[in-house]
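The values are calculated or read from the model by the stated rules, or taken from the named source; none is laboratory data. For clarity, every value in this text was computed on a predicted model and none was experimentally measured. Here the Cβ positions follow ideal geometry from the backbone for every residue, glycine too, while neighbour counts run over all protein chains shown. The area values use the complete protein model at the heavy-atom level, side chains included, leaving out ligands, DNA and RNA. Shrake-Rupley method; radii C 1.70, N 1.55, O 1.52, S 1.80 Å.
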Amino acid sequence: MTKFTITPWEVKGNIDYDKVIREFGVSKIDENLLKKLEKHTKKLHPFLKRNIFFAHRDLEFALQEHEKGNLFMYTGCGPSGPIHMGHYMVWSFTKWLQEALDVELWFQFTDDEKFLFKDMSYEEIQKWLYENMLDIIAIGFDPKKTHFLIDTKHASLLYPEAVKVAKKLTFSTVKGAFGFTNETNVGSIFYTAMQAAPCFLPSVIKGKKMACLIPHAIDQDPHFRVTRDVIPKLGFYKPASIQCRFLPGLGGISEDGKLSSSTGQAIYLTDDEKTVKNKINKYAFSGGQTTIEEHRKHGGNPDVDVSYQWLTFFEEDDKKLEKIYHDYKSGKLLSGELKMILIEKLNALLKDHQKKREKAKSMVDKYIYHG
Ligand code: TRP
């Protein structure tokens, strides 16, 4: 029996993704749907071919509306700490999808959410808001087509829409979806209405009913499940979504399903080369044998080896990845060597990112929505 928990506030355990599909009531992304998607995107991102984006709601509907030029995308970031590779993977895919579909992207920063849910001061959250915006800009979104919405700064735009959602949402519904109790602060109880607002705010701004597609990690689904029940009552389409698995924690897939900042084992986008090397060497769970002789004889197990699992997220070249898989399994490639491949891959990626992050400092205002 596998035991796991997935809520927007907590992810733990060994996640059985087939069970997630059944329990959340989302749909699997199958070959047929991938073919349809490819007609719109021309190519398929490795995350699609590798089943990392594995589930969806109403993706076909979103594609139909895309055909008519009636689709926008929406995603978000809750600023409460440094950005790690688990965030990076979702947003690098989001950038690819936005470019491939050539649509606008609305990016929500939920500084209110993190203030309400975390034991952090308002000022601390504002610091992370700025830091996180730099990372997101550095990912390379087109500033002409990407609009940042900051919950507390764009309150005059978001709040009128959020209250319309809140009026149709009962305490009993959010209690059921999120497990709130009588001790939960009232801000947290209201919060889902804020995350729902960007699903239709662009329709309000443009004065036409548009479809919304949300790329997100599966833990955010409860917000949108609730949203989907409410916003048709306001005269808008249910948001569609495309949902991904979690990047496994460095400590091993079975202990920690999601890369969590709190375990101290995350790789941050601001980590330097040495830090990355040390973290991988120290923490990345190995599927190798205990001695070199044993390893050469029996080979390693790439299916539980975290360095290999991470390469399935960050090595785009299918052939290279396949070779690594077989070399590791046969014992030709040692655990230390496999870790080195990952370290070099991440460091190259982060070096480039950090350069762009410096440049992002003069670009923040271009991304913030000015209406
Ligand atoms: N709640 C998300 C978080 O904690 C932030 C968020 C807001 C979001 N809107 C979103 C994430 C839309 C994905 C899609 O990080």
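Numbers for the structure displayed
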| read-out | value |
| --- | --- |
| Phi to ³J(HN,Hα) by Karplus 6.51 cos²θ - 1.76 cosθ + 1.60 over segment 330-336, Hz, x for Gly, Pro | 7, x, 5, 9, 8, 4, x |
| Of all accessible heavy-atom area on segment 273-357, the percent that carbon and sulfur account for (1.4 Å) | 52 percent |
| Degrees between helix 122-138 axis and first principal axis of the chain (Cα, 0 to 90, nearest 10) | 70 degrees |
| Label point 7 Å beyond Cα of THR5 along Cβ direction - residues of segment 166-189 with amide nitrogen under 19 Å | 174-185, 188-189 |
| Anchor LYS114: aspartates and glutamates whose Cα lies under 16 Å away (excluding residues fewer than 8 positions away in-chain) | GLU10, GLU123, GLU124, GLU131, ASP151, ASP219 |
| Between 0 and 90°, nearest 10: helix 186-196 axis offset from the chain longest Cα axis | 90 degrees |
| Heavy-atom accessible area per residue - segment 273-357, 1.4 Å, Å² | 55 Å² |
| Under 17 Å from LYS297, Cα to Cα: lysines that are on another chain or at least 8 residues apart | LYS329, LYS332 |
| Carbon + sulfur, % of accessible area of segment 171-229 - ligands and nucleic acids excluded, 1.4 Å | 54 percent |
| Residue with peak Gaussian network fluctuation, the chain [Cα springs, cutoff 10 Å], from GLY249, GLY25, GLY235 | GLY235 |
| Relative contact order of segment 258-371, defined on C-alpha pairs under 8 angstrom at six or more residues apart (%) | 27 percent |
| Per-residue [θ]222 nm for the chain (sum of -39500 (n - 2.57) over DSSP H runs n ≥ 4, rounded to 500) | -15500 deg cm²/dmol |
| The chain - convex hull of alpha carbons, volume per residue in Å³ | 143 Å³ |
| Given LYS144/LYS359; LYS274/LYS319; LYS323/LYS345; LYS68/LYS206; LYS43/LYS359; LYS127/LYS345, the pairs whose alpha carbons are separated by over 19 Å | LYS274/LYS319; LYS43/LYS359; LYS127/LYS345 |
| Crossing angle, helix 155-167 versus the chain [Cα axis fit, 0-90 degrees, rounded to tens] | 80 degrees |
| Relative contact order (percent, whole number), segment 4-247, Cα cutoff 8 Å, 6+ residue spacing | 26 percent |
